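The values are calculated or read from the model by the stated rules, or taken from the named source; none is laboratory data. If you're wondering where the values come from, they're calculated on a predicted model, not measured in any experiment. With ideal geometry, Cβ positions are generated from the backbone for all residues, glycine too; neighbour counts draw on all protein chains shown. Quick note on the areas: whole protein, heavy atoms, side chains included, nothing else; ligands and nucleic acids left out. Shrake-Rupley method; radii C 1.70, N 1.55, O 1.52, S 1.80 Å.
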Amino acid sequence: MTTDLAAFAKEKGVKYFMISFTDLFGGQRAKLVPAQAIADMQEDGAGFAGFATWLDMTPAHPDMLAVPDPSSVIQLPWKPEVAWVAGNCVMEGQDVAQAPRNVLRRLIDEAASDGMHVKTGIEAEFFLLTPDGEQISDPYDTAAKPCYDQQAVMRRYDVVREICDYMLELGWGPYQNDHEDANGQFEMNWEFDDALKTADKHSFFKFMTKSVAEKHGFRATFMPKPIEGLTGNGCHAHISVWDAPGADAKTNVFAGKGDGPTGEVGLGEKGKHFLGGIMKHASALAAITNPTVNSYKRINAPRTMSGATWAPNTVTWTGNNRTHMVRVPGPGRFELRLPDGAVNPYLLQSVIIAAGLSGIRSKADPGRRYDIDMYAEGHTITDAPKLPLNMLDALREYDKDAGLKAAMGEEFSAAYLKMKRQEWDSFVSHFSRWEKEHTLDI
């Protein structure tokens, strides 16, 4: 049954709706709509000029309408007179093919037609910085190994508690919060869900975390590597596939005791081939899962102050071992450790499904399982691909992966590559202090 947003507003005391969509670069865009106008907006959508956001459009394009998906509506716990609702982008009566939420919706439908319903959980790490973004907000957070530091997490208790309280209130099932491996870094976990619901929650979590941090005089950032020498912000994704969506799910399609290295860790045939698709497309995947110039300061980082980067640089998989790109911590699911905090919530889920479906359809083999410590012994592996060294290499890998591009959608892929290449060109045309320091006297 579709939620009537006007009735929702009347029942909940909502005065305004934020009709929100996410652009290609992960930017969250919204119109603030009075509750009195929401009935028309629910029918027709809120109007946007697509060119004014990071979408591949021109000023000559017609209005783009973000039509709210009422199933996604969330009343802001910290400002209950406002409700957030995800919008699906439409232009002249047709879905905008390059809009990230539309890409995900199409792939979910495609997987469902094959009897597969992807469920995921994500671990969105973030730093709490000073408002100017230059320093860690807690001057006493200086431990060499700060992970799980109980004093440090309690010094930011008011922020962490407020966000967790809101997730409890929203029914997300948060189950643990911790100080992470870098000074000033935190992680908050909630229960896994259907891919679209996880993407909406991920998008809202970033908005909520930034808002609560600002309220307390701090700045929350999901930037992959905001502090040199410290562990970066990952966004690990835990992936499983089920026979039905939501509460109707009864059977984990991934689970099984098949032959070989995948069967030994509890992945059946479909789990094996889905993982095979992830491994097959890994280098191209990075263009989506690690979407910024800064991303490659995380996955190709030297050893951090804590002793480990907790990020991969090689396309390998393993059992319950955190030094690889993919680990299988238990039967029926696996963890993709490649994505970082800058990943677009909707494109993350999309590219997981696209690569996984490709693997299942081609019966892809994930290859050898490595059970070594990659940080200590990774140099001994000579037959596994290295992940891209920079954003341009990742974009080139994506561009030559015709199968993944087609699965994600040709219109989306063309728009994404065009916009991201423009971003790379902007970066390389920038004159840095490093250049003068190293070449002024050459």
Roughly how many Å² of V67 are accessible to a 1.4 Å probe, to the nearest 10? 30 Å²
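Quick check: residue separation of D365 and K436 times 0.36 nm, minus the Cα distance between them. What number comes out in nm?
Full extension from D365 to K436 adds 20.7 nm.
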Additional length obtainable on full extension of the chain from A414 to Y157, 0.36 nm per residue less Cα span: 88.1 nm
Calculate how large, on average over all directions, the projected area of the Cα convex hull of the range 44-84 is; give the answer in nm² to one decimal. 4.0 nm²
If you rank F334, F431 by how much accessible surface each has, with a 1.4 Å probe, what is the order from largest down? F431, F334
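Which percent of the accessible heavy-atom area of the chain goes to carbon and sulfur, probe 1.4 angstrom?
On the way: 10010 of 19570 Å².
Carbon and sulfur together cover 51 percent of it.
As a test of the formula, what do you get for the chain when each DSSP H run with n ≥ 4 contributes -39,500 (n - 2.57) and the sum is divided by the residue count, at 222 nm and rounded to the nearest 500 deg cm²/dmol? It would help to have the intermediate numbers written out before the result.
Numbers: 15 runs with 160 residues, N = 442.
So the calculated ellipticity at 222 nm is -11000 deg cm²/dmol.
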Over the range 83-162, equivalent-ellipsoid semi-axes from the Cα gyration tensor in Å: 41, 18, 12
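With a probe of 1.4 Å, find how much accessible area the range 264-409 has per residue, and write the answer as a whole number in Å². Don't jump to the answer; show the numbers that get you there.
Values: 5070 Å² over 146 residues.
Spelled out: the 1.4 Å probe surface of the range 264-409, per residue, equals 35 Å².
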Set the Förster radius R0 to 41 Å, insert the Cβ-Cβ distance between D114 and S426 as r into 1/(1 + (r/R0)^6), and round the FRET efficiency to 0.05. 0.55
Only residues of the range 263-291 count here: report those whose backbone N is under 19 Å from the spot 7 Å along Cα→Cβ of K250, or say none. none
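Could you do me a favour and compute the accessible area per residue for the range 102-158, 1.4 Å probe, result in Å²? Can you show the working numbers first?
Working: 2910 Å² over 57 residues.
Averaged over the residues of the range 102-158, the accessible area is 51 Å².
Rank these residues by their accessible area, most exposed first, probe 1.4 Å: W190, W78. Each step should come with its number before you reach the end.
Details: W190 10, W78 55 Å².
Largest to smallest exposure gives the sequence W78, W190.
Which of the peptides 43-50, 80-87, 142-149 is most tightly packed, and how do the rest follow, going by the mean number of other Cβ atoms within 10 Å of each residue?
Numbers: 43-50: 17.6, 80-87: 21.2, 142-149: 14.0.
My ranking of the peptides, most packed first, is 80-87, 43-50, 142-149.
How large, in Å, is the range 164-256 by the Kirkwood hydrodynamic radius built from its alpha-carbon pairs? Don't skip to the end; give the middle numbers.
Working: mean 1/r = 0.0655 Å⁻¹.
Over the range 164-256, the inverse of the mean reciprocal pair distance is 15.3 Å.
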Placing one equal point scatterer on each C-alpha of the chain and summing with Debye, one gets log10 I(q)/I(0) at q = 0.08, 0.14 Å⁻¹ equal to -0.45, -1.46
The chain: relative contact order as a whole-number percent, Cα under 8 Å and 6+ apart: 15 percent
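For K119, K210, K280, give the ranking by accessible area with the largest first, probe 1.4 Å. Show your work: numbers first, answer last.
Working: K119 15, K210 80, K280 120 Å².
Putting K119, K210, K280 in descending order of accessible area: K280, K210, K119.
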Given R₀ = 51 Å, FRET efficiency for D243-Y375 by Cβ-Cβ distance, to 0.05? 0.85
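In the chain, which whole DSSP H runs stretch at least 18 Å along their own axis (Cα) and average 0.0 or higher on the Kyte-Doolittle scale?
157-170, 345-362
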Cα convex hull of the range 183-338, projected area averaged across orientations, nm²: 10.2 nm²
Provide the solvent-accessible area of T130, counting protein heavy atoms only and rolling a 1.4 Å probe, rounded to the nearest 10 Å². 30 Å²
Have a look at the range 303-442 and give its Rg and Dmax from the Cα atoms, expressed in angstrom. 18.0, 59
Heads up, I need the accessible area for E264: 1.4 angstrom probe, whole protein in place, Å², nearest 10. 130 Å²
